[in-house]
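Novice: Okay, handing you the structure first.
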Amino acid sequence: MEVTHFPITNWAEDDRPREKLMLKGKEALSNAELIAILIGSGSRNESAVALSKRILASVDNLNMLGKMSISQLMNFKGIGEAKAITIVSALELGRRQRSEDALQFKNKITSSKVVFEIMQPIIGELPHEEFWVLFLNNSNKVISKSQLSKGGITGTIVDVRLVFKLALESGATGLILCHNHPSGNLNPSDADKEITMKLKLAGDSLDVKVLDHLIITETKYYSFVDEGIF
């Protein structure tokens with residue numbers, strides 16, 4: 001028997017994602033319904049919610065969806081460039097919000113876990129490697145954070161002089177190094193250890209302490225301090 005698909009405008013009012021959000025609140029909507037609102041419409045043969053369910057069925061979770069590129073999303077029939085850009089933009093805003101929330105409510109660094117919660121949304125899910133620095137004051141509160149380098153899977157280049165130029169300009173008395181391993185391997189490489197000790201020695205001479213270095217993946221982290229390397 002042929003199944004008839006109806007566009008959102010023909011659904012019962014309580015079943016329409018936009019109206020459902022208005023009547024019941026955002027928490028009442030499924031992930032597929034929220035994505036359906038983003039993409040606006042499906043096709044003649046598939047509703048926006050059915051299309052959204054099909055996209056979600058291809059990934060394990062929203063984190064994986066957030067890693068998809070515009071071109072990858074456009075591989076789904078019914079997703080053009082505009083809809084793909086809308087999905088990517090919405091998920092990027094969510095990622096940035098998680099990082100800002102962590103920084104706002106856990107501005108004081110009390111453990112390596114706090115650093116991970118601040119930096120994971122920024123670099124934990126990237127397909128390439130990035131090197132960041134958190135600049136701290138005397139109370140271990142974050143003054144600022146800065147991306148120092150961005151590279152391919154093979155690694156990044158870190159300018160030691162730039163790190164401490166930024167530290168001195170911001171009045172930082174301490175800093176925490178962070179970079180991601182897209183491979184998921186938490187073990188520090190020889191290059192990771194070398195740049196850490198180089199920065200630590202430079203910081204000691206300038207009275208700007210390198211307090212830790214975290215290697216971050218999607219779900220875990222490695223702390224040089226926790227592992228007794230410092």
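What follows draws every value from the coordinates through simple rules; no lab data is involved. Quick caveat: nothing in here was measured; it's all calculated off a predicted structure. Cβ: placed from backbone, ideal geometry, glycine included. Neighbour counts: every protein chain shown.
Novice: Angle between the Cα long axis of helix 48-57 and the longest principal axis of the chain, 0 to 90 degrees, nearest 10?
Specialist: On a 0 to 90 degree scale, this one is about 50.
Novice: If you fit an axis through the alpha-carbon atoms of helix 160-170 and take the longest principal axis of the Cα set of the chain, what angle between them do you get, 0 to 90°, nearest 10?
Specialist: The angle comes out near 80 degrees.
Novice: Another question, then. Once the dipole of the stretch 108-223 is set up with Lys and Arg at +1 and Asp and Glu at -1 on Cβ about the Cα centre, which of His128, Asn185, Thr219 lies farthest towards its positive end?
Specialist: Thr219
Novice: I need to check one value: relative contact order of the chain, counting alpha carbon pairs closer than 8 Å and at least 6 residues apart, in percent.
Specialist: Working: 341 pairs, mean separation 30.5, N = 230.
Averaging sequence separation for qualifying contacts and normalising by length gives 13 percent for the chain.
Novice: Please give the direction-averaged projected area of the C-alpha convex hull for the chain, in square nanometres with one decimal. Let's see the in-between values first.
Specialist: Values: hull surface 61.8 nm².
That works out to 15.5 nm².
Novice: For the chain, take the longest principal axis of its alpha carbons; what is the angle in degrees between that and the long axis of helix 81-105, to the nearest 10 within 0 to 90?
Specialist: On a 0 to 90 degree scale, this one is about 40.
Novice: What FRET efficiency comes out for Ser144 versus Leu34 if R0 is 25 angstrom and r is the Cβ-Cβ distance? Round to the nearest 0.05.
Specialist: Values: r = 33 Å, r/R0 = 1.31.
Result of the calculation: an efficiency of 0.15.
Novice: Another question about this same structure. For the stretch 64-87 and the stretch 213-230, write down the distance between their C-alpha centroids in whole Å.
Specialist: Their Cα centres are 33 Å away from one another.
Novice: Related question: Mind checking the dipole of the stretch 108-223: about its Cα centre, +1 per Lys or Arg Cβ, -1 per Asp or Glu Cβ, Debye to the nearest 20?
Specialist: Working: 12 positive and 13 negative charges, 62 e Å.
Charge dipole, the stretch 108-223, about its Cα centre: 300 debye, nearest 20.
Novice: Lysines within cross-link reach of Lys108: Cα-Cα under 20 Å, excluding same-chain residues under 8 positions apart?
Specialist: Partners within reach: Lys141, Lys145, Lys209.
Novice: A further question on this structure: Taking Rh as the Kirkwood radius computed over C-alpha pairs, what is the Stokes-Einstein D of the stretch 8-96 at 20 °C in a medium of viscosity 1.002 mPa s, expressed in µm² per second?
Specialist: Details: Rh = 13.3 Å.
Result for D is 161 µm²/s.
Novice: Still on this structure: For the pairs Lys24/Lys77; Lys67/Lys150; Lys53/Lys83; Lys83/Lys113; Lys26/Lys220; Lys67/Lys165, note any where the Cα-Cα span goes beyond 26 Å.
Specialist: Pairs exceeding 26 Å: Lys24/Lys77; Lys83/Lys113; Lys26/Lys220; Lys67/Lys165.
Novice: What do you get for trypsin sites (Lys or Arg not before Pro) in the stretch 28-68 restricted to DSSP loop and a cutoff of at most 10 other Cβ within 10 Å of the site's Cβ? The partial results should precede the final answer.
Specialist: Values: sites: Arg44, Lys53, Arg54, Lys67; in loops: Arg44.
Filter output for the stretch 28-68: Arg44.
Novice: Further question on the same structure: Charges only on Cβ, +1 for Lys and Arg, -1 for Asp and Glu: so what's the dipole of the chain about the Cα centre, in debye to the nearest 20?
Specialist: Dipole magnitude for the chain comes out near 320 debye.
Novice: Remind me, relative contact order of the stretch 108-223 in percent, using alpha carbon pairs under 8 angstrom and six or more residues apart?
Specialist: Details: 221 pairs, mean separation 34.5, N = 116.
Relative contact order, the stretch 108-223: 30 percent.
Novice: May I ask you to compute the full-extension gain from Asp190 to Lys209, defined as 0.36 nm times their residue separation minus their alpha-carbon distance, rounded to one decimal in nm? Walk me through the numbers on the way to the answer.
Specialist: Numbers: separation 19, 0.36 × 19 = 6.84 nm, distance 2.14 nm.
Computed gain between Asp190 and Lys209 is 4.7 nm.
Novice: Once you list every other residue whose beta carbon is under 12 Å from the beta carbon of Asn187, what net charge do they have if Lys and Arg are +1 and Asp and Glu are -1? Could the numbers behind the result be given before it?
Specialist: Values: positive: Lys193, Lys220; negative: Asp190, Asp192, Glu227.
That sum, taken over residues with Cβ under 12 Å, equals -1.
Novice: I'd like to compare 184-193, 201-210: which one has the highest average count of other Cβ atoms within 10 Å, and what's the full order after that? Walk me through the numbers on the way to the answer.
Specialist: Working: 184-193: 12.9, 201-210: 14.7.
My ranking of the peptides, most packed first, is 201-210, 184-193.
Novice: Which whole-number percent is the relative contact order of the stretch 8-96 (Cα, under 8 Å, 6+ apart)? Walk me through the intermediate numbers first.
Specialist: On the way: 71 pairs, mean separation 18.6, N = 89.
Dividing the mean separation by the residue count of the stretch 8-96 yields 21 percent.
Novice: Can you say what percent of the DSSP beta bridges in the chain, counting only those with both residues inside, are antiparallel? Round to 5.
Specialist: Working: 19 of 26 bridges.
The antiparallel fraction comes to roughly 75 percent.
Novice: What ³J(HN,Hα) values, in whole Hz, does the Karplus curve 6.51 cos²θ - 1.76 cosθ + 1.60 give for the stretch 133-147 when θ = phi - 60°, with x put for Gly and Pro?
Specialist: Residue by residue, the stretch 133-147 yields 10, 9, 9, 10, 9, 4, 8, 6, 8, 6, 7, 6, 9, 8, 7 Hz.
Novice: How would you order 176-182, 212-218, 122-128, 89-95 from highest to lowest mean count of nearby Cβ atoms within 10 Å? Write out the running numbers ahead of the final one.
Specialist: Working: 176-182: 24.0, 212-218: 22.3, 122-128: 17.6, 89-95: 13.7.
The packing order, highest mean first, is 176-182, 212-218, 122-128, 89-95.
Novice: Please work out how much length the chain gains when fully extended from Leu168 to Glu227, using 0.36 nm per residue of separation minus the C-alpha to C-alpha distance, in nm with one decimal.
Specialist: Values: separation 59, 0.36 × 59 = 21.24 nm, distance 2.83 nm.
Full extension of this stretch gives 18.4 nm more.
Novice: Given the Cα-Cα distance of Gln97 and Ser183 and 0.36 nm per residue of separation, how much length would full extension add, in nm? Kindly include the intermediate steps, with their values, before the conclusion.
Specialist: Working: separation 86, 0.36 × 86 = 30.96 nm, distance 2.48 nm.
Extending this stretch completely gives an extra 28.5 nm.
Novice: Rg(Cα) of the stretch 162-230 divided by 2.2 N^0.38 Å? Could the numbers behind the result be given before it?
Specialist: Working: Rg = 12.5 Å, N = 69, 2.2 N^0.38 = 11.0 Å.
Against the empirical 2.2 N^0.38 Å value, I get 1.14 for the stretch 162-230.
Novice: Compare the peptides 161-173, 109-121 by average per-residue count of other Cβ atoms within 10 angstrom and give them in order, highest first.
Specialist: On the way: 161-173: 15.8, 109-121: 19.3.
Output ranking for 161-173, 109-121: 109-121, 161-173.
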